[in-house]
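S.K.: Dropping a structure here in structure tokens format, bear with me for questions.
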Amino acid sequence: MADMWMRDDELISDILGWASERIQNDPDPNTGAIPSSALDAQIGNTITEAGIGGREAMRIFTDELLPATRAMDHPLNLAYIPSAPTPAAVAFDVAVSAASIFGGLWETGAGAIWAENQALRWLADLVDWGPTAGGVFVSGGTMANLSALSTARSRALEMRGGVRPSRWVIAATSEAHSSIEEAARVMDCEVLLVEANEHSAMTGEALGMALAKSDLAEGVFAVVASGGTTNTGTVDDLSGIVEVCEPLDIWVHVDCAYGGAALAAPSGRPKFKGIERVDSFSVDPHKWFFAPYDCAALLYQRPGDAAAAHSQHGPYLEAVNREGWNPSDYAIHLSRRARGLPFWFSLATHGTAAYSEAVEATLRLAKEVHVEINASEKLTLLVDPDLTVLVFRREGWAPEQYYEFSNLNARAGVVLMVPTQYRGETVMRMVFVNPRTEFSQIRIILDLLET
Ligand SMILES: *Cc1c(COP(=O)(O)O)cnc(C)c1O
């Protein structure tokens, strides 16, 4: 039997060598999913009694598996919300894996957690929160939203003296991310739909009206505002929302999974006015803050609320020293990778000014493309963009033509850009999070759309 802990230096160097090469180079845009049955036929069974050996497993990865994936960091991946991790962040992610750090408890992860907390502190500073604010890195925006909402409900239950309403209710607009509905399902809550305005935003006024006239209002314990909706990049009226919620003691969580990076950019930040008064917000460094998957930051103005909701106790945990900062206490998890470290490493390496400038550069690019679309007779912008999502119509196109354009150019490796629905209409959508995307490249794509 093979000794699995005996180091095969050549194999390790092959794997790290591959990673190093990949970090230097853009991914092949000409790859993508194929049916599972095709992979069965192509590769066959890989789990065998004797093992297939590292070289063969690595060959399968590079030659067969990767071509059936679509890397998110290509500068011309403009679909969904792509990703643009820095080489420093990606390389350091490998180091974090090698270090085997249990990042759940201070006792085991102190140094790593200290560094993660400095990165979280920078995020808290962006919203002018005081020294008692704090948070944790979780796997994604979905988990951040669920953890924040569960904290909010736990606090509401305490404030209501342990008396539950007939239904617990989360208020949000239909533009909120699908993970809010998912959180409501997991928590068995209702969603009170607040009507979004013509700009797809929630306003304080609309929220106030919804709370005044709905039977569900009594059970509302949290409002989820969007700090950049996924579909259109719209930032809600955070000040107005806070004005309504503060007197009612309703928790305000701002889902900034995509848009939060704009807080670091001088031109983006004013859009978030009011965020300094909310209870919690989340932002995904794996989206527009140049970190690899999977990394979402969840921040609380008063982290004690989260610890009360999420701290785990049990016989084998009683020995844990609870004195330090235990990230496990602030979200739904116990074991955790110190997944904030790649973000921290890149931020520490390059400095916050480079981050501000990189986010500003993508905002500038979106603005330039916006101007081009406005000048085009065949393209019509449908939402004045707050951030870097552009949603527009190609005049004269039926829905099939959007999908045809998208599929054709995806297959050809030209651009990944997928249509969306806006007010019942199939339209085109571009998202910019990669400072390496160039205006001249987008101009060519606009030409393609116009012909
Ligand atoms: C992407 C996104 C999420 C979900 O984040 P994951 O990291 O994919 O779980 C939630 N909210 C918004 C606004 C998003 O853009």
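The values are calculated or read from the model by the stated rules, or taken from the named source; none is laboratory data. This structure is a prediction, so every number in the text was calculated from the model and none was measured. Neighbour counts run over all protein chains shown; Cβ positions are idealised from the backbone, glycine included. The protein model used for the area step is the full one, side chains on, heavy atoms only, and it has no ligands, DNA or RNA in it. Shrake-Rupley method; radii C 1.70, N 1.55, O 1.52, S 1.80 Å.
S.K.: Name all residues of the range 423-451 having a backbone nitrogen under 18 Å from the label point set 7 Å from the Cα of Asp26 along its Cα→Cβ direction, giving them as ranges.
M.R.: Taking a point 7 Å out along Cα→Cβ of Asp26, the residues of the range 423-451 whose backbone N falls under 18 Å are 430-449.
S.K.: Using a 1.4 angstrom probe on the protein heavy atoms only, line up Thr420, Thr380 by accessible area, largest first.
M.R.: Descending order: Thr380, Thr420.
S.K.: Here's another thing I want to ask about it. Heavy-atom accessible area per residue, the range 399-451, 1.4 Å probe: how many Å²?
M.R.: With all protein chains present, the range 399-451 gives 48 Å² per residue.
S.K.: Here is a further query. Leaving ligands, DNA and RNA out of it, work out the accessible area of Lys367 with a 1.4 Å probe and give it in Å² to the nearest 10.
M.R.: My reading of the accessible area for Lys367 is about 120 Å².
S.K.: Need one word for the chain: rounded, prolate or oblate. Basis is the Cα gyration tensor (sqrt eigenvalues a ≥ b ≥ c); a/c below 1.5 gives rounded, then a/b vs b/c decides. Before the final figure, lay out the partial values.
M.R.: Values: a/c = 1.70, a/b = 1.07, b/c = 1.58.
Since a/c reaches 1.5 but b/c is at least a/b, the shape of the chain is classed as oblate.
S.K.: Still on this structure: Considering only the chain, what is the antiparallel percent among its DSSP beta bridges, to the nearest 5?
M.R.: Roughly 55 percent of the beta bridges in the chain run antiparallel, per DSSP.
S.K.: What whole-number value in Å² describes the accessible area per residue of the range 287-345 for a 1.4 Å probe?
M.R.: Per residue, the range 287-345 has 40 Å² of solvent-accessible surface.
S.K.: Going by accessible area, probe 1.4 Å, with all protein chains left in place, what is the ranking of Asp284, Asp3, largest first?
M.R.: Asp3, Asp284
S.K.: Further, regarding this structure: For every helix of n ≥ 4 consecutive DSSP H residues, a contribution of -39,500 (n - 2.57) applies; sum these over the chain, divide by its total residues, and give [θ] at 222 nm rounded to the nearest 500 deg cm²/dmol. Each step should come with its number before you reach the end.
M.R.: On the way: 15 runs with 183 residues, N = 451.
Only helices count here, giving -12500 deg cm²/dmol.
S.K.: Further question: How much net charge surrounds Asn321 when only the other residues with a Cβ under 15 Å from the Cβ of Asn321 are counted, with Lys and Arg +1 and Asp and Glu -1?
M.R.: -3
S.K.: Compute the separation of the alpha-carbon centres of the range 1-39 and the range 74-93 and state it in Å as a whole number.
M.R.: Cα centroid to Cα centroid, the span is 18 Å.
S.K.: Just the number, please: carbon plus sulfur as a percent of the accessible area of the range 73-209, 1.4 Å probe, no ligands or DNA/RNA counted.
M.R.: C and S atoms contribute 55 percent here.
S.K.: Something else now. Mind checking which lysines have their Cα closer than 17 Å to the Cα of Lys271? Skip sequence neighbours fewer than 8 apart in that chain.
M.R.: Straight-distance partners of Lys271: Lys367.
S.K.: Also, I was wondering about something else. Can you tell me which of 398-404, 188-194, 334-340, 289-295 comes out highest on packing, and rank the rest after it, using the mean Cβ neighbours within 10 Å?
M.R.: Descending packing order for the listed peptides: 289-295, 334-340, 188-194, 398-404.
S.K.: How much accessible area per residue does the range 1-104 have, in Å², with a 1.4 Å probe?
M.R.: Numbers: 6560 Å² over 104 residues.
Using a 1.4 Å probe on heavy atoms only, each residue of the range 1-104 averages 63 Å².
S.K.: Still on this model: On the protein heavy atoms, probe 1.4 angstrom, tell me the percent of accessible surface of the range 296-451 carried by carbon and sulfur.
M.R.: C and S atoms contribute 54 percent here.
S.K.: Rounded to the nearest percent, how much of the accessible area of the range 1-50 (1.4 Å probe, protein heavy atoms only) is carbon and sulfur?
M.R.: Taking all protein chains in place, the range 1-50 shows 55 percent carbon and sulfur surface.
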